[in-house]
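Read through the structure below, which is laid out as structure tokens, and then see the notes.
The values are calculated or read from the model by the stated rules, or taken from the named source; none is laboratory data. Remember, predicted model here, so these are calculated numbers, not experimental data. Neighbour counts are summed over all protein chains in view; Cβ atoms, including those assigned to glycine, are modelled from backbone coordinates with ideal geometry. Note: accessible area is taken over every heavy atom of the protein model, side chains too, but ligands, DNA and RNA are not part of it. Shrake-Rupley method; radii C 1.70, N 1.55, O 1.52, S 1.80 Å.
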Amino acid sequence: MASFTLNPASWRSSLRLGLQTCFKRYCTAGSSLVSSVPVPHAAIIFYSQAQSPIRHHQVMRFTTTTLQKPMIPKHQAFCKRNLNKSHHRSGQFRIKDILGGPKSEEKFDQKAATRNFYEDSDRYVTADNFLKSHNWQGSGNDVDVESVLATLSYNKGDISPATLADSMLALARQPQKRITQFLQSDHYDSCLTMVSNYCKVFTNKDFVIILVSLYNLGIPAWHRIYKKFILECERRVHDWDVDTMLLVSDTWRAIGRIVVNYNGQMLKCIEPQYLELTHHQLVQLLYVIGENRTAPLTLMKKLEDMVLLYVDDLSGKEIAAICLGYFKSQTIISSAALLQVLGDKACEHIDQLDFFSAVSIFKAFRHATTVHLPLFKKAATTYSSVIQDLPLVSVMQLVFTYGALHIFEKDLLEAVAEKAVKDAKLCRIKDIAKFLWTFAQLNYRPANVDLFLDTMVKELCARSNEFQTFPEHLVYSVVALAYMERFPYDLINTIFSPDTLQQIEKYCPWETMRDLYVIDGTVGVECGDYAGHRLSQEFIKRLPEGAGGSVKHELTYRENLAEVVRVLQQMMGREHLTVHHILPHFKSTDIEIHVDQTNQAVMISGSVSTPCGKNKQMDIRLDDNLIDILTGTKSESSLVEKKEVEPSNQEPENITRLAVQVTSMKHHLYNSHSLLGVHQMKRRQLRKLGYQVVEIPYYEWQELPKHPNNERKDYLRKKIFGHSQ
């Protein structure tokens with residue numbers, strides 16, 4: 001195909017109109033458009049590929065971007081990025097990706113992978129098998145295609161809707177070569193115009209035939225004909241049965257169009273009759289819900305009962321489709337019984353499951369924060385040896401699930417570290433962030449730790465153009481590196497630069513702001529030679545409430561903390577201990593105690609200096625009333641004595657500062673006594689500030705009898721005053 005150029009106005013217009021319209025308009029004989037702006041060769045190739053439906057779908061599926069919904073607390077709203085112009089969950093191609101995509105992309109058809117459960121039964125009626133269904137066959141098999149095209153072209157006003165439907169069905173059933181000829185013929189535009197004009201007069205059966213035929217013909221998702229069909233679907237949905245509603249929704253998904261209003265009306269129609277859903281209707285409904293990312297919570301709870309009813313009949317791929325539907329719709333499976341059964345079934349099928357299906361199941365367990373240990377153990381054993389040949393994006397989701405649920409599997413982590421290094425060029429900034437966070441969270445340094453971390457940092461720096469679009473992933477990466485005692489000053493300086501902070505404040509969820517605070521405080525403690533940007537006091541004051549933790553919340557909800565404080569108060573008196581955040585950038589609360597050289601507790605006068613410099617600290621002095629409130633023995637009418645104390649730079653001589661850490665199960669790896677990475681980092685920083693860390697782990701405290709307090713007092717006395725022994 002010959003090269004040519006467009007003037008700037010024409011090129012901008014072409015992006016609005018779409019590539020196919022652009023080339024039809026300008027790629028004509030005798031065109032004399034001249035400019036200094038060349039049309040990229042990739043765009044010309046794309047146009048030629050778009051003429052073939054098969055190639056067209058290949059382009060679409062490799063450029064789909066899946067976005068995560070940020071979890072935003074009610075008190076913290078932020079401006080959402082307008083990603084509709086460049087990111088399409090629906091599977092529509094992105095012009096930006098075609099013209100300037102990454103140099104190498106992993107060839108993984110995620111859109112097809114979500115639909116592979118259809119292979120388990122021929123009872124699913126889908127956009128791909130609908131035209132082969134005996135129940136829907138029309139008379140189009142015997143129609144001569146050339147005669148049909150001639151009739152459509154020259155007798156536009158005399159064709160009945162039924163004949164037009166049969167003609168489209170006949171065209172859609174032709175071999176791919178004939179379909180390509182039709183798409184490139186002069187009949188293409190006139191045929192689609194006629195279909196559009198007849199849209200409202202088709203019977204329900206013919207309407208569905210036409211819609212599925214458009215998909216099978218490969219009419220691109222951006223074609224204007226679909227606007228009328230979407231509106232007509234919304235008008236007709238109440239007249240259709242469940243199979244037809246699901247088929248139409250599946251067809252829109254296959255085409256690549258988002259039909260929010262139609263799917264919402266469909267779910268309203270299905271909810272009253274959910275008890276009548278068959279096994280296959282249930283699975284397909286949950287798949288459709290997941291792909292459209294939303295559903296009423298009442299319906300999703302009802303469907304849990306139906307899944308439990310049919311669970312014995314479900315295949316492994318169907319279980320994966322159900323789990324993915326709940327995960328993508330941001331709905332937690334609340335039934336512990338259902339999660340247990342799904343985990344048992346998945347464990348049975350793990351050897352036969354494809355990797356994408358297995359990861360889909362893990363996502364649902366991650367979202368429900370539920371561990372099915374036999375399933376996760378077996379999966380780690382199964383996939384550790386073959387991880388190098390598996391899709392990178394799914395590997396990231398798998399290992400991220402282990403990190404989120406605090407499950408440590410050494411062989412799996414070692415294999416993932418090797419793959420991350422080998423396929424680093426294929427990693428998105430999101431993948432890098434999740435890989436780093438998982439290893440940091442589990443506090444594990446793989447055998448190739450230096451190579452792994454250096455490679456991830458190198459790839460982060462190479463993707464600096466993504467920072468402005470997805471700054472949260474850069475923040476997550478840097479805070480994970482801090483867990484592992486790696487401090488790339490260039491990246492830290494970039495995070496705290498005014499431009500990046502502005503993007504973060506405007507677009508990112510509040511968890512990103514918290515991580516900024518953690519990074520800033522960590523740099524203050526561990527990076528004495530850092531001279532780049534830091535968080536300003538004005539920015540820190542704008543952080544969401546609770547970004548630095550809440551002592552009252554911790555005393556109320558942290559397991560064992562209030563009880564330990566009560567016993568210590570009885571032993572030492574409330575004037576000898578302070579409950580506060582020694583390191584304000586960590587949410588977990590500390591009990592600070594000072595002892596002299598004779599190992600006797602002394603009164604705490606003033607507040608310790610913190611890595612945030614001259615910030616005032618808010619200490620909470622605990623009296624009997626407050627302790628009674630926090631342990632549930634009194635109503636909330638207590639006086640909480642809050643004192644604003646200026647940091648004291650004068651330390652009494654021969655005083656040892658103790659930081660008592662009361663841990664809960666959530667602070668440790670699953671089924672382990674090893675602390676998570678964030679808590680290991682906190683203890684590291686406390687020691688750097690001169691504190692001696694005293695651990696009160698939950699697994700020791702809970703073994704002590706509650707009444708009387710003698711054994712608890714003896715235990716604490718040995719822990720606190722025997723620290724130097």
Loop-resident GluC sites (Glu not before Pro) in segment 542-597 with no more than 16 other Cβ atoms inside 10 Å, DSSP not H/G/I/E/B, are 545, 559
Any residue on another chain or 5+ positions along whose placed amide H is under 5 Å from the amide H of residue 668 is listed here as 676
Given a 1.4 Å probe, the accessible area of segment 299-356 per residue, as a whole number of Å², is 36 Å²
Of the listed pairs 268/587; 301/422; 434/718; 377/422; 227/425, those with alpha carbons more than 32 Å apart are 268/587; 301/422; 434/718; 227/425
In whole Hz, the Karplus estimates of ³J(HN,Hα) for segment 587-603 (6.51, -1.76, 1.60; θ = phi - 60°; x where Gly or Pro) are 7, 6, 8, 10, 10, 9, 9, 10, 10, 8, 6, 9, 6, 10, 5, 10, 5
If R0 = 45 Å, then residue 411 and residue 297, at their Cβ-Cβ distance, give a FRET efficiency to the nearest 0.05 of 0.70
Ordering 111, 132, 719 by the accessible surface of their heavy atoms, 1.4 Å probe, largest first, yields 132, 719, 111
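Can you give me the accessible area per residue for segment 431-492, using a 1.4 Å probe, in Å²? Before the final figure, lay out each step's value.
Working: 2080 Å² over 62 residues.
About 34 Å² of surface per residue is accessible.
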SASA check, residue 310, accessible area w/ 1.4 Å probe, all protein chains in place, rounded to nearest 10 Å², comes out at 50 Å²
Sorted by accessible surface (1.4 Å probe, heavy atoms of the protein chains only), largest first, 238, 473 come out as 238, 473
With all protein chains in place and a 1.4 Å probe, residue 717 shows an accessible area in Å² (nearest 10) of 110 Å²
Placing each pseudo-label 7 Å from Cα in the direction of the beta carbon, residue 132 and residue 717 end up separated by a distance in nanometres of 8.0 nm
With every protein chain in place, the accessible area of residue 219 for a 1.4 Å probe, in Å² rounded to the nearest 10, comes to 10 Å²
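Which sequence of 313, 189, 515 reflects their accessible areas, 1.4 Å probe, from the largest down? Walk me through the numbers on the way to the answer.
Numbers: 313 100, 189 75, 515 30 Å².
The most accessible residue leads, giving 313, 189, 515.
Charges at C-beta only: +1 for Lys and Arg, -1 for Asp and Glu. How large is the resulting dipole of segment 259-339 about its Cα centre, in Debye rounded to 20? The partial results should precede the final answer.
Values: 6 positive and 8 negative charges, 67 e Å.
Result for segment 259-339 is approximately 320 debye, rounded to the nearest 20.
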Pairs over 27 Å Cα to Cα, from 132/328; 111/177; 200/317; 317/378, come to 132/328; 200/317
